[in-house]
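Comments concern the structure below.
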Amino acid sequence: MQEQLELIIKQAQEEIARCSNPNDILNTKARFLGKKSELNGLYAKMKELNPEERPAFGNQLNSLRNRIESLLNAQNTIIKETAWKKDRKVYDNTMPGMEPGRGGFHPLTIVRREIDEVFLSMGFEIAEAFDIEDEFHNFDALNTPQDHPSRNLADTFYVEGGKLLRTQTSTVQIRVMENYKPPIRIISPGRCYRNDKPDPSHSPVFHQVEALVVDKGISMSDLQDTLQTFASIMFGSGVQSRIRPHFFPFTEPSAEMDISCVACAGKGCRVCKQSGWLEMGGAGMVDPAVFDILGIDSELYTGFAFGLGIERIAMLKYNIPDMRILFENDLRMLRQFKGEL
């Protein structure tokens, strides 16, 4: 058996020396140290030896295994060092340096900042609050009935301790009205969460901007004027807006806001489904019941509120056909906004 051991180490040395890449190392290791290797078979033959001979022979086998492993590791190190030297580029330090690439803002960030600027120019202030809210601020204070579908697990993400991920930034309006007396004129942009399956127009995580105005003598005409001013600044002076009757628990009367199609200028196309109009969001006069819950005199004050989807605005401004594109970090899309810094 001694001659067999010497033959194994000789063959191993020769084959390991011929290894030129990591794959060769793996194959050689399997041949000499694997389960079906000749060396591994010798362990099974130890039972044929006399009991007093087995310890010495076992030590020889272990020593041989360790030696082969050392040879493999050494050759693998040589292969890596050779590859590194081959791939290493030599740079001339006297040459001018390479200017790093210039980044840019994400389209949602660009649109969010434009929206902020539009409303700041109209005298609004920006208010922010928490992504994790309680049911009072997300539902109860907004006059949402206990049996409303939006409270269901199929629509809202609930977390421990009776908390939830806010489904709308209207929660910020409630917190502002709790802590400040009218007049109030704020927008509340931020991230929202709903249990929606991602598709071209829905996402479980999305961004909204909601506006709230509370003062004496506020009317629907003030709401319409504000919406039209926003649409004209955001999409161009030729864009028109309109409101349609609708229902929301926290506004009365309630309305849906539309703008004339930015793709066809209201003539009718695939984007607007030949209607000439695009839906933008919900709006309406603040329901007096909401004021009563928050201790604001509904006989003295009136107000309006509306909410807009930031993804929706970004998709219209930049002709993005699918909302999911905004969250995929596709460099082909992001590079289009490189110059927007």
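Each value in this text was obtained by applying a stated rule to the coordinates, not by laboratory testing. Here the structure is a predicted model, which means the values were calculated and not measured. No Cβ is skipped: glycine too gets one built from the backbone with ideal geometry, and neighbour counts run over all protein chains shown.
At-a-glance table
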| quantity | calculated |
| --- | --- |
| Any hit, region 256-276, residues being surrounded by 14 or more Cβ atoms within 10 Å (Cβ to Cβ) and under 18 Å from residue 173 (Cβ atoms) | yes |
| Region 12-55, subset of a type in the set (S, T, N, Q) and under 24 Å from residue 80 (Cβ atoms), residue surrounded by the most Cβ atoms within 10 Å (Cβ to Cβ) | 28 |
| Which listed residue is within 11 Å of residue 72 (Cα to Cα), among the acidic types (Asp, Glu) and out of contact with any Cys (no Cβ under 6 Å at 6 or more places or on another chain), from 15, 3, 38 | 15 |
| Count of residues meeting criterion [closer than 25 Å to residue 302 by Cβ, of a type in the set (Val, Ile, Thr) and under 26 Å from the mean Cα position of the chain (by Cα)] in region 125-183 | 4 |
| First in region 291-315 and over 14 Å from residue 115 (Cα atoms), second anywhere and of a type in the set (D, E, K, R) and assigned to a helix (DSSP H, G or I), Cβ under 9 Å, 6 or more apart | 293/140; 294/178; 295/178; 298/292; 304/222 |
| Hits in region 224-241 - residues which are closer than 11 Å to residue 283 by Cβ and not hydrophobic (A, V, I, L, M, F, W, C) | 224, 226, 241 |
| Candidate set: region 129-143, residues that are touching a residue at least 24 places away in the same chain (Cβ under 8 Å) and surrounded by 19 or more Cβ atoms within 10 Å (Cβ to Cβ); chosen: the one farthest from residue 187 (Cα to Cα) | 143 |
| Subset of region 306-327 (residues that are outside any helix (DSSP H, G or I) and of a type outside the set (Asp, Glu)) | 306, 307, 308, 309, 319, 320, 321 |
| Residues that are surrounded by fewer than 19 Cβ atoms within 10 Å (Cβ to Cβ) and hydroxyl-bearing (Ser, Thr, Tyr), drawn from region 145-168 | 150, 158 |
| Breaking point among (1) part of a loop (DSSP other than H, G, I, E, B); (2) surrounded by 13 or more Cβ atoms within 10 Å (Cβ to Cβ), for residue 211 | (1) |
